[in-house]
Amino acid sequence: MANIIQRSFNAVAADALSQAGLMPILARVLAARGIAQMKQLDVSLAQLIPPEQLTNASQMAVLLADAIAQKQSLLVVGDYDCDGATATAVAVRGLRSMGAQVDYLVPNRFEYGYGLTPEIVELAAERKPDIIMTVDNGIASVDGVARANSLGIKVLVTDHHLPGDLTPEAACMVNPNQHGCDFPSKNLAGVGVIFYVMLALRAELRNRGVFSEKPEPNLTELLDIVALGTVADLVKLDDNNRILVEQGLRRIRAGKGCVAIRALLKIAGREASKVNAQDLGFSVGPRLNAAGRLDDMALGIACLISDDEIEATVMAQRLHTMNLERRAIEADMQEAANISLDEVDVSGQFSLSIFEPDWHQGVIGILASQVKEQYHRPVIAFALGADGNLKGSGRSIKGLHLRDALDLVSKRHPDLIFKFGGHAMAAGLTIPHDGFNAFKQAFEDVAASLLTPADLDAVIETDGSLSAHEVDWDVAVALDKQVWGQGFPAPLFSDVFIVNQQKVVGERHLKLSLQKADDQTGRIIDAIYFQQQDFLPTKVHVVYELQTNEFNGRQRVQLNVRHCIPVG
């Protein structure tokens, strides 16, 4: 059973925010997320950290400006997920708007794996580029960069992943997480990094007087794509990232977003004029990601780069169809995983490593995430790769930095992991075909050394109770206006309710009429409990989101139930 706890918050900060004009409940919620002054809520572009503070951004801008002046050919090599696709699109759109001769290469994840490998360099070399520019990868591509150098191809690396002990000998590297970079925000996604490089390049071209003869490109036109990649990659939405996301959302709401995102929103049944960060993360991102998971990301990138509404709509529909296929594969894999774990005493384990020979390599990351949510343990799911080795994708819990854990496994067992990389909460790796059982034990040993039994208890953090008068339309609207996401979670509240009425709707959701147990007015509040068909007892402790609901011209608040515990 999950433990429900209330987030702590700085009462002084909450009072200051309230005194500055925020409604008290919003002030409390924001203070719990580290907001201490109103300036942090200023999402104007003027508040972005200047690009010259990003180490090597100005140096890379000089190299790119020289390449444009010399009419050199550039080839962008991206990654196969949503961040990689959006970063590729921003690079190609941005560079072309500034006169560069640029094309892009989409590595097939099943043939070439991750990063700028020597094999991908050989493939790139067939196009005879003067410069290879990586986006959302490259910081670990020591061998690939070395191969490019030997072929006389200059490599520019833009990435945001953590560096290893060795870094490539690229002509220039921009990465807020590289050694020696003191950029204030370490949480830029790959798409955010390349957007910053485009800002630096425009400034360099401006200084060279290039725009005295032609119009200066408006790079804010890229912000909807930047917002999508930032949200989908689950990087922390710190102050700087919230600016990028909010500015991108404003463009979409104003009808100025790129045709691809508008088409994907429409297919997902979301109104562009009311889009929020969750819509990007749960509706647009998965459809774009489906291409990279089941095939390669060429279709997704082509859709993002297209300015033709009909063409983009056709590609968006294909992405939607692929996503339906991905969900069917995922459901089958989830069922197989549950069956394989039925005979395992999960309570006695600190980690879970799972493998089935017929699992799809492109969907194991989603499977790992779902199993992690179910059992609240670090999970690594493996599938059989085309090269005969096992490809793994992992998801972790608070308390275990997944990449560091894999690094420890690698140090203890040097021949067990061929390669690995990632973040604190997500990582990928390759192990030998016959190495699953050895890895499973080695990873369990590391997890057991880094986690405590208390870490394995799921915790639901809430923002406490809402008073009866705070369950209000204006409060819901004020909360909805904020940018919520990874590291800046949407508020959850917790209260005890009396269940007045309940019925199953849509065959799998519970429609509820609730009354706060401590409310003597008898006010009834609508609620919805998705993916819940069993009726609730009369009195329940509910964790919920406060949402707006408009139906037939009527506006009212609604609770979205996220967790429920019977009250005796």
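The values are calculated or read from the model by the stated rules, or taken from the named source; none is laboratory data. All values reported here derive from a predicted model rather than from experimental measurement. Neighbour counts are summed over all protein chains in view; Cβ atoms, including those assigned to glycine, are modelled from backbone coordinates with ideal geometry.
So here's what we get for this one:
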read-out	value
Among (1) among the hydrophobic types (A, V, I, L, M, F, W, C); (2) assigned to a strand (DSSP E or B); (3) under 16 Å from PHE350 (Cβ atoms) - the single one VAL446 does not satisfy	(2)
Where a residue in segment 184-208 is under 13 Å from SER58 (Cα atoms) and its partner, wherever it lies, is modelled with pLDDT of 95 or more and aromatic (Phe, Trp, Tyr), with Cβ under 9 Å and at least six apart	TYR196/PHE183; ARG202/PHE211; LEU205/PHE211
Odd one out for VAL542 among (1) surrounded by 13 or more Cβ atoms within 10 Å (Cβ to Cβ); (2) modelled with pLDDT under 95; (3) β-branched (Val, Ile, Thr)	(2)
Residue list for segment 194-241, restricted to those being in a helix (DSSP H, G or I), crowded, with 24+ Cβ neighbours inside 10 Å and not aliphatic (A, V, I, L, M)	PHE195, TYR196, ASP224, GLY229, THR230, ASN241
Close pairs from segment 210-227: first closer than 16 Å to ILE301 by Cα, partner of a type in the set (Asp, Glu) and part of a helix (DSSP H, G or I), Cβ under 9 Å, at least 6 apart	ALA227/GLU246
Residue match in segment 83-103 (condition: in contact with an Asp or Glu (Cβ under 6 Å, 6 or more places away or on another chain), part of a loop (DSSP other than H, G, I, E, B) and within 20 Å of PHE420 (Cβ to Cβ))	no
Pairs with Cβ under 6 Å, 6+ apart, first in segment 171-182 and under 16 Å from GLU52 (Cβ atoms), second in a strand (DSSP E or B)	CYS172/LEU156; VAL174/THR158
Matching residues in segment 528-539 - criterion: being part of a strand (DSSP E or B) and either buried (at least 16 other Cβ atoms within 10 Å of the Cβ) or of a type in the set (A, V, I, L, M) (or both)	ILE528, TYR529
Filter result (among the polar types (S, T, N, Q) and under 17 Å from ASN560 (Cβ atoms)) within segment 516-538	GLN531, GLN532, GLN533
Looking only at segment 23-41, and only at residues there that are in contact (Cβ under 8 Å) with a residue 12 or more places away in the chain and part of a loop (DSSP other than H, G, I, E, B), the one that is surrounded by the fewest Cβ atoms within 10 Å (Cβ to Cβ)	GLN37
Residue that is crowded, with 23+ Cβ neighbours inside 10 Å, of a type in the set (Gly, Ala, Ser) and either in a loop (DSSP other than H, G, I, E, B) or under 28 Å from the mean Cα position of the chain (by Cα) (or both), where the choices are GLY152, GLY138, GLY164	GLY138
Selection count where residues are touching a residue at least 60 places away in the same chain (Cβ under 8 Å) and either basic (Lys, Arg) or surrounded by fewer than 24 Cβ atoms within 10 Å (Cβ to Cβ) (or both), scope segment 367-390	4
Total residues in segment 510-523, condition out of contact with any Lys or Arg (no Cβ under 9 Å at 6 or more places or on another chain) and modelled with pLDDT under 95	5
Condition met for ILE261 (modelled with pLDDT of 95 or more and either touching a helix residue (DSSP H, G or I) at 6+ places or on another chain (Cβ under 6 Å) or assigned to a helix (DSSP H, G or I) (or both))	yes
Meets criteria (touching a residue at least 12 places away in the same chain (Cβ under 8 Å) and among the basic types (Lys, Arg)) for ARG318	yes
Residue list for segment 465-480, filter: charged (D, E, K, R) and either outside any helix (DSSP H, G or I) or surrounded by 19 or more Cβ atoms within 10 Å (Cβ to Cβ) (or both)	ASP472
Residues of segment 346-366 satisfying the condition of being of a type in the set (S, T, N, Q), surrounded by fewer than 21 Cβ atoms within 10 Å (Cβ to Cβ) and over 14 Å from LEU294 (Cα atoms)	SER347, GLN349
Elements of type helices (runs of 4 or more DSSP H) contained in segment 296-393, each with 3 or more residues being aliphatic (A, V, I, L, M) and not assigned by the TED database to the domain that holds VAL446	298-305, 309-341
Scope segment 120-129; condition more than 21 Å from HIS161 (Cα to Cα) and outside any loop (DSSP other than H, G, I, E, B); matching residues	GLU122, LEU123, ALA124, ALA125
Of all residues making up segment 344-365, the number that are under 26 Å from the mean Cα position of the chain (by Cα) and among the hydroxyl-bearing types (Ser, Thr, Tyr)	2
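Every residue, every condition in (1) under 29 Å from THR452 (Cα atoms); (2) out of contact with any Pro (no Cβ under 6 Å at 6 or more places or on another chain); (3) small (Gly, Ala, Ser), yes or no:
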| residue | (1), (2), (3) |
| --- | --- |
| GLN334 | yes, yes, no |
| GLY365 | yes, yes, yes |
| SER369 | yes, yes, yes |
| ALA386 | no, yes, yes |
| SER396 | yes, no, yes |
